[in-house]
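A quick write-up on the structure given underneath.
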Amino acid sequence: MGTREVHKHYDVVVIGAGAAGLSAVLGLLRSEAYQQSTELGHAPSVLVISKLHPLRSHTGSAEGGIAASLANVEPDDWHWHWFDTVKGGDWLVDQDAAQILAQDAPKTVIRLEHDGVAFSRTADGHIDQRRFGGHTAEFGGKSVRRTAYAADRIGHQILHSLWQQCVRLGVQFAEEWYVSDLVIDNHQAQGVVAIDMSTGITHAIGAAHIVLATGGAGRVFHTTTNSWDLTGDGMALGLDAGLQLEDIEFVQFHPTGLAHTGLLLSEAARAEGGTLRNAQGEQFMQRYAPEHGDLAARDVVSRAIMAEIDAGRGVADPTYADDVHDCVWLDLRAIDADILRSKLPEVVSTIETYTGLNPRHDLIPIRPTAHYTMGGIPITLNGEVYKVCDGMRQIVHGLYAAGECSCVSVHGANRLGANSLLDACLFGTRAGQTIAQQLLNQMQEHSAGSAATVDSLGEDSLDINVLGTASSDESDDVNHAQETSASLQAAFNRRKQYMETLLQKAQAYQDASQLEDEQQTIVQYESEENGADSAVSEASSDEQGGNVYALMRRIGMVMEQAAAVRCNAESLQQGLTALDVLSLELQQCYPHTPVAAYNQEIVALMEAQHMLVLAQAMLQASLSRQESRGSLSRTDFPHRDDEHWLRHSMIDRHMQLQYQQVHITQFPPTEREY
């Protein structure tokens, strides 16, 4: 339930209300450690901050399914899922993390079912499963039906079910609040600075434990499946706070984006019998992946599509004005009409709504579209954020991450379809459970210390609760406000001054515009009185203060040209140079309305800054990695180089790179073929 009564301090603050954030909350509240805490007299306070209403989170747009070796339809084994995940990630996967992902996947799906997710069913009532790219039987054999689904609306089902469970448990949400600053001091999380977009008021919120669950950064590219809000906020907040990003050069392009819109046409379409065809009508994937064809891993299919286009076998989008042959066909005509209606309703609706084509009779133009960020904030298997310093991991106490903004490295250099929802729900839950245990440990230590003090002073000398604070929320706020860290207060002061400066510039702009309008009116009146033609200046006042939305679009275009599907040193360096220019332009931007409340332009300015720093990190990390692996395809270094590059990149806000080794436990690197 949403609230505007946000206190100054919480035990736990979760940033983001998609599958990862909500799973973290439920993992906390349902844990044995949380129950013990409540029995000891203190239920930890929890706040979820979201810049959208939770039900608008991007999780809701996931279509295809969630992977788990349930073996409901045909034999399956979690060890096969483990291998497929490692192979799919081109061996840049930490295999201990991937083992947890595969082993715990079935119970994760069953937990979601118990939470209310309405999975599609087999005739005998079991959760139905479909094939998905890269998922195989017997360690790379034939495709296996491993992906549990709900028609092609699985994300919608999961998001609504998790949110309803949180509402049932009385979780407090701060909806349409934008977190502008993450505060870390001496390797300890201190809190966040956030803006209530309904009032424009800036708040400092202290927190002993913070979870970053803000989703991906697809909007860094112009053509993307991601919603408008996925500007990489959590990752950029981490960089600004002195953290590193792991493997951020690996960005997955989904093969079947609806041409010139980027809208996702789920992999489920190919799982149900759809095929890819070039201008000659050829099912070309057999040439690139003879064993698995259209259901090879996503990076393999995306590169194959671009290779067909580069070879002159592309097709023009019949719904697009320009006659540019930069697409291929998705052919759904062989799929039975009942299957289209029952299992692919979103795919059909998207095609009909945005192209006017009929997938039963027409070929559908598609091309790869930015879809998923494999890299992100580095975390342990329990969701704890860390930094790499001189080759050693250094935990940032009280800070956690989950979902697409994080990197536990289960996806490596390329994520398998249907593993993203699994990652978010599973590792989100683990992060919540870890926090609950940490809170319980701290409480028990505090209680032991308090008991020792009572023994020394006498039982009647103290009258406090378990945490030694007043019990009312108002008293808690007063006490915690006094304890607000200097670093959190300093960050709050800086952000408040930033907001005031923006509004002052907006007021000056508005005053100047009003004066200009008055002068133009006088000039026009005098000209009409004298019978002269009016030559009123049409210089757009919008150029003053810049157009941040146009600038964000240009960031996307730069990234598209520099790094979409394939790249080389020249394209990457040109992209970095262009981003430097855009950074200077952004410094000249300011809002055009001097009101803080509901001023989306203020948020867009901060989002643009986040996009820029992330784009720079992506290109710099890509430039430094001199090989092709998974989604990173460098035409100047076309081969995988395990001798030098079988390692994770770690980049900081100064664009300095360190590296750490990949955890290989079971599957040594081999050639990756489909």
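The values are calculated or read from the model by the stated rules, or taken from the named source; none is laboratory data. No experiment lies behind these values; they were computed from the predicted model shown. Neighbour counts are summed over all protein chains in view; Cβ atoms, including those assigned to glycine, are modelled from backbone coordinates with ideal geometry. When the accessible area is computed, the model is the full protein with side chains, heavy atoms only, and any ligands, DNA or RNA have been set aside. Shrake-Rupley method; radii C 1.70, N 1.55, O 1.52, S 1.80 Å.
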### Query
Just going by the charge dipole of the chain, with Lys and Arg at +1 and Asp and Glu at -1 on Cβ, which of Val179, Ala24, His209 is farthest out on the positive end?
Ala24
#### Entry: Solvent-accessible area, 1.4 Å probe, carbon plus sulfur percent, for the stretch 177-312
47 percent
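Mind running the shape call on the chain? Use the C-alpha gyration tensor, a ≥ b ≥ c as the square roots of the eigenvalues: rounded below 1.5 for a/c, prolate if a/b tops b/c, oblate otherwise. It would help to have the intermediate numbers written out before the result.
Values: a/c = 1.68, a/b = 1.07, b/c = 1.57.
It comes out oblate by the Cα gyration axes.
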## Note on the structure
Check: C-alpha center the stretch 309-381 vs C-alpha center the stretch 547-613, spacing in Å is 27 Å
### Task
State, to one decimal in nm, how far the label point of His126 lies from the label point of Ile339, with both points 7 Å from Cα in the Cβ direction.
2.0 nm
### Message
Compute, for the chain, the length of the dipole vector about the Cα centre, with Cβ point charges of +1 (Lys, Arg) and -1 (Asp, Glu) only. Units Debye, rounded to 20.
### Response
1860 debye
### chymotrypsin sites (Phe, Trp or Tyr not before Pro) within the stretch 107-180: DSSP coil, no more than 16 neighbouring Cβ in 10 Å
Phe139
### Task
With a 10 Å radius around each residue's Cβ, average the other Cβ atoms per peptide and rank 347-358, 387-398, 559-570, highest first.
559-570, 347-358, 387-398
### Task
Please name which of Val6, Tyr34, Leu70 has its Cα lying farthest along the dipole of the stretch 1-78 towards the positive end, using unit charges on Cβ (Lys, Arg +1; Asp, Glu -1) and the Cα centre as origin.
Val6
### Qualifying trypsin sites (Lys or Arg not before Pro) for the stretch 93-154 [loop in DSSP, other Cβ within 10 Å: at most 16]
Lys142
### Square roots of 5 times each gyration tensor eigenvalue, C-alpha, the stretch 111-265, largest first, Å
34, 22, 17
### Query
Hey, rough spin-label estimate for Glu291 and His187, points 7 angstrom out along Cα→Cβ, what's it come to in nanometres?
4.4 nm
### Task
Please say if the stretch 623-674 is rounded, prolate or oblate, where rounded means a/c under 1.5 for a ≥ b ≥ c the square roots of the C-alpha gyration tensor eigenvalues, and otherwise the choice is prolate for a/b larger than b/c and oblate otherwise?
oblate
### P(r) histogram, all alpha-carbon pairs of the stretch 133-192 included - 5 Å bins from 0, percent
4, 12, 10, 10, 11, 14, 10, 11, 11, 6, 0
### Message
Take Lys142 and His361, extend 7 Å from each Cα along the Cα→Cβ direction, and tell me the distance between the two endpoints in nm.
### Response
3.6 nm
### Task
Can you quote the Å³ per residue value for the convex hull of the Cα atoms in the stretch 12-164, rounded to an integer?
134 Å³
### Query
Along the principal axes of its C-alpha atoms, what lengths does the stretch 75-145 span, in descending order and rounded to whole Å?
36, 25, 16
### Task
Mind scanning Lys87/Lys142; Lys87/Lys343; Lys8/Lys387 and naming the pairs with a C-alpha gap bigger than 20 Å?
Lys87/Lys343; Lys8/Lys387
### Task
Write down the percent of antiparallel bridges among all DSSP beta bridges whose residues are both part of the chain, to the nearest 5.
70 percent
### Message
From the protein chains alone at 1.4 Å, what is the descending order of accessible area for Leu70, Leu586, largest first?
### Response
Leu70, Leu586
